[in-house]
Amino acid sequence: MKLCSLRSGSTGNAVLVSTETTHILIDCGISGKAAESGLCELGCCGDRLDAILITHEHSDHIGGVGVLSRRYNLPIYANQKTWDAMEGALGKIKPEHKRIFAACDPFFIGDIAVHPFPIPHDAADPVGYSFVSDGKKVSVATDIGILEESLFRAVKGSGAILLEANHDPNLLDIGSYPLPLKQRIRGEKGHLSNEDAGHAVKFLAKMGTSQFLLGHLSHENNYPLLAQQTVVNILKEAGLEPDKDLSLSVAPRDSVSCILTV
Ligand SMILES: [Zn+2]
Ligand SMILES: [Zn+2]
């Protein structure tokens with residue numbers, strides 16, 4: 001199974017999870033054009049996709065969903081509350097493309113078992129996803145306010161994970177965002193900081209995950225080297241050797257990431 005980000009950041013997100021026969025796009029908060037070029041670059045042009053899964057209705061996750069669904073005849077999977085919150089923003093969607101999954105019940109798309117799990121974020125009913133195929137597991141976990149044990153339980157056993165490292169708290173403090181927005185980002189339904197990501201990587205590495213892709217970096221309050229170095233410092237303090245014990249990279253904002261294979 002392969003996990004790769006097409007684009008990642010507070011300005012737009014799309015993630016591809018693939019096996020030999022099944023190709024799933026998680027969110028599409030980028031233009032149809034950017035999604036198509038990213039997919040083709042990864043050898044999975046839009047007509048090879050099987051479905052689009054939605055984590056939550058914020059525009060950085062759904063901006064290109066309607067276009068892609070119409071262009072490639074793709075079903076869209078989301079829970080009921082997310083459908084209620086996003087449907088008006090997608091444009092016309094064929095009734096048969098509207099797929100609703102119940103709470104956190106797993107379901108299959110091709111040879112991939114999809115396991116949604118709840119995340120603390122200020123959206124209608126936001127979820128992260130784990131994907132299991134042929135005994136391998138990968139997970140996507142971004143837009144998370146605080147680290148809870150339920151998150152670790154949900155992603156446990158993943159060989160690879162895309163994990164949020166949204167902001168540096170100091171850059172957020174001194175930056176130009178209005179106070180209510182700063183409070184929202186820092187809040188329990190906001191976004192994970194680089195430090196939060198570092199602690200999560202540390203725990204997950206000790207639980208056996210070996211490949212990490214940091215993503216959903218803030219355009220204003222973070223930059224890739226800072227995110228990576230903050231996580232590396234926390235790992236080293238815990239006696240872990242990045243590059244030896246695990247692989248760690250940052251998903252770029254405007255281009256495809258490296259491909260994580262499990
Ligand atoms: Zn969000
Ligand atoms: Zn987001």
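The values are calculated or read from the model by the stated rules, or taken from the named source; none is laboratory data. Owing to the predicted nature of the structure, the values given are computational and were not obtained by experimental measurement. Neighbour counts are summed over all protein chains in view; Cβ atoms, including those assigned to glycine, are modelled from backbone coordinates with ideal geometry.
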- Determine if the range 52-59 includes at least one residue that is under 21 Å from Thr261 (Cα atoms) and touching a residue at least 60 places away in the same chain (Cβ under 8 Å). yes
- Message: Which condition from (1) crowded, with 16+ Cβ neighbours inside 10 Å; (2) within 16 Å of ligand 1 (Cβ to nearest atom); (3) over 23 Å from Leu163 (Cβ atoms) is the one that Ala89 breaks?
- Response: (1)
- Quick one: how many residues across the range 241-262 are at pLDDT 95 or above and part of a loop (DSSP other than H, G, I, E, B)? 10
- Query: When you scan the range 121-156, how many residues do you find that are surrounded by fewer than 19 Cβ atoms within 10 Å (Cβ to Cβ), assigned to a loop (DSSP other than H, G, I, E, B) and not small (Gly, Ala, Ser)?
  - Reply: 6
- Mind listing just one residue for me: the one in the range 46-64 that is among the β-branched types (Val, Ile, Thr) and out of contact with any Leu (no Cβ under 6 Å at 6 or more places or on another chain) and, of those, nearest to ligand 2 (Cβ to nearest atom)? Thr55
- Among Asn221, Asn170, Asn233, which is polar (S, T, N, Q), within 16 Å of ligand 2 (Cβ to nearest atom) and either surrounded by 16 or more Cβ atoms within 10 Å (Cβ to Cβ) or not in a loop (DSSP other than H, G, I, E, B) (or both)? Asn221
- Quick one: how many residues across the range 50-78 are assigned to a strand (DSSP E or B) and within 16 Å of ligand 1 (Cβ to nearest atom)? 2
- For the subset of the range 117-141 comprising residues that are small (Gly, Ala, Ser) and out of contact with any Leu (no Cβ under 6 Å at 6 or more places or on another chain), which member is nearest to ligand 2 (Cβ to nearest atom)? Ala123
- Could we say that Val201 is outside any helix (DSSP H, G or I), crowded, with 16+ Cβ neighbours inside 10 Å and of a type in the set (Val, Ile, Thr) here? no
- Could you please let me know if Ile26 is β-branched (Val, Ile, Thr), touching a helix residue (DSSP H, G or I) at 6+ places or on another chain (Cβ under 6 Å) and within 14 Å of ligand 1 (Cβ to nearest atom)? no
- Task: Could you tell me whether Val114 is away from ligand 2 (no atom under 16 Å from the Cβ), surrounded by fewer than 24 Cβ atoms within 10 Å (Cβ to Cβ) and either within 16 Å of the chain's Cα centre (by Cα) or more than 30 Å from Met207 (Cβ to Cβ) (or both)?
- Result: yes
- Item | Options Ala165, Ala113; residue that is in contact with a strand residue (DSSP E or B) (Cβ under 6 Å, 6 or more places away or on another chain), more than 15 Å from ligand 1 (Cβ to nearest atom) and of a type outside the set (S, T, N, Q) | Ala113
